[in-house]
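Every number here is computed from the coordinates shown, using simple stated rules; none is lab data. It should be emphasised that the depicted structure is a prediction, and the values quoted were computed from it without experimental measurement. Every residue, glycine among them, receives a Cβ derived from its backbone with ideal geometry; neighbour counts consider all protein chains shown.
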């Protein structure tokens with residue numbers, strides 16, 4: 001790394017540093033000396049780039065050769081459905097993948113080793129461990145029309161919800177869309193959770209279904225998709241349609257701040273129990289999270305929910321990531337521990353096929369567990385330390 005590169009990158013990373021005006025021009029020798037002094041005083045951790053780092057060897061992926069790689073094959077093909085037309089490297093990968101019919105574990109592993117290069121994901125200061133959580137597809141009880149019991153609506157995307165996309169004018173704002181509503185000639189913030197919940201008729205006419213449990217409805221918003229069982233036994237699937245534009249705020253963190261739960265005790269189940277045991281305070285707590293999710297009816301409820309890549313998710317093989325760090329669609333080697341344990345390894349090849357409001361930062365991910373009682377338990381308990389290795393297609397020469 002040249003001194004000039006170090007100098008430039010250092011001050012890009014530290015925009016608040018004020019460099020005094022100098023009455024003379026620094027020589028390269030003096031500049032090198034200054035940078036050596038700066039590194040000696042401040043350490044070099046702040047120079048470490050967060051995100052996808054350089055290539056590593058396959059042997060650096062813990063237990064890489066012990067996974068059942070063929071189980072990730074359907075998820076890979078779904079990623080290919082979206083990516084093959086976007087990049088020449090992916091076009092070659094996907095053509096080869098479609099030509100390999102029903103591979104066994106050894107063949108699938110060989111395929112990934114042939115067509116991809118693994119890269120470690122780092123946080124700031126060279127940290128490689130982050131938080132791995134889980135999510136699942138819940139089942140709620142509901143009706144197509146309201147009643148005394150079923151009085152909590154699942155809303156469709158409101159017609160007056162606007163999305164302001166300025167990326168054509170400001171490319172640096174790509175994937176940064178502002179949501180709001182039009183009042184006169186001004187775009188103002190859209191209604192928050194408290195307004196939607198308490199102002200009767202605010203979204204009248206946008207109801208998709210009605211459910212009987214406000215806590216279950218809140219967790220449906222957190223999960224982003226689910227299924228609703230009707231009184232006649234039919235099941236209707238709903239999926240994420242949009243969001244009101246307000247930031248996500250964790251009520252688990254709120255309970256910690258309030259002194260109601262200890263950090264180590266916070267799980268989906270402990271939060272749910274607190275809400276049910278403190279029903280007179282539950283609504284006020286839920287309103288501390290202003291984010292609100294809108295849904296759409298989802299055909300083919302036998303398939304998994306559709307993630308941000310716009311492909312169905314695969315249980316234990318699809319991962320939600322921060323798309324500003326990890327490109328959607330790529331394979332990721334997940335190195336963590338099984339929920340409910342401190343040390344039992346949980347390592348497998350997954351595909352980055354979703355995003356989430358709480359999934360921000362380099363080493364941060366949310367594993368999709370599927371549906372059913374075991375998926376609920378695993379997702380509800382999962383808050384494990386873990387590492388991520390991204391598999392990028394080899395460049396076309």
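Can you sort 280, 287, 221, 98 from fewest to most other Cβ atoms within 10 Å of each residue's own Cβ?
The order, fewest Cβ neighbours first, is 280, 98, 287, 221.
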Measure off 7 Å from each Cα along the Cα-to-Cβ vector at residue 194 and residue 81, then give the distance between these two points in nanometres to one decimal. 4.2 nm
Pop a pseudo-label 7 angstrom from the Cα along the beta-carbon direction at both residue 96 and residue 179 and give the gap in nm to one decimal. 4.0 nm
Whole-angstrom gap from the stretch 206-235 to the stretch 320-346, using each part's C-alpha centre: 28 Å
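Please give the FRET efficiency for residue 232 paired with residue 262, using the beta carbon to beta carbon distance and R0 = 56 Å, rounded to the nearest 0.05.
Details: r = 44 Å, r/R0 = 0.78.
My answer for the efficiency is 0.80.
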What whole number of Å gives the distance from the Cα centroid of the stretch 354-397 to the Cα centroid of the stretch 249-279? 23 Å
How far is helix 268-277 tilted, in degrees, relative to the longest principal axis of the Cα atoms in the chain, given as a value from 0 to 90 rounded to the nearest 10? 40 degrees
Taking the number of other C-beta atoms within 10 Å as the exposure measure, put 249, 317 in order starting with the fewest. 249, 317
Stretch gain in nm, segment residue 254-residue 60, where the contour uses 0.36 nm per residue and the Cα spacing is subtracted: 66.0 nm
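For Cα pairs less than 8 Å apart in space and 6+ apart in sequence, what is the mean separation divided by the residue count of the chain, i.e. the relative contact order in percent? Kindly include the intermediate steps, with their values, before the conclusion.
Values: 726 pairs, mean separation 93.4, N = 397.
The normalised contact order for the chain reaches 24 percent.
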If one takes the longest principal axis of the Cα atoms in the chain, at what angle in degrees, from 0 to 90 and to the nearest 10, does the Cα axis of helix 28-42 lie? 50 degrees
Residue 144 paired with residue 113, simple spin-label distance in nm, labels 7 Å along Cα-to-beta-carbon: 5.5 nm
Ranked list, fewest to most other Cβ atoms within 10 Å of each Cβ, for 72, 147: 147, 72
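Can you tell me the relative contact order of the stretch 51-136? Whole percent, Cα pairs under 8 Å, sequence separation 6 or more.
Relative CO of the stretch 51-136 lands at 45 percent.
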Among 199, 243, 353, the residue with the largest mean-square fluctuation in a Gaussian network model of the chain built from Cα contacts under 10 Å is 199
Output the 0 to 90 degree angle, nearest 10, between the alpha-carbon long axis of helix 105-115 and the longest principal axis computed from the alpha carbons of the chain. 50 degrees
In whole Å, what are the extents of the stretch 118-172 along the principal axes defined by its C-alpha atoms, from largest to smallest? 55, 36, 20
If the elastic network links every pair of Cα atoms under 10 Å, which of 260, 207, 91 fluctuates the most in the Gaussian network model of the chain? 260
Of 315, 204, 216, the most mobile residue in a GNM of the chain (C-alpha springs, cutoff 10 Å) is 204
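For residue 272 and residue 341, compute 0.36 nm times the residue count separating them, minus their Cα-Cα distance, and round to one decimal in nm.
22.7 nm
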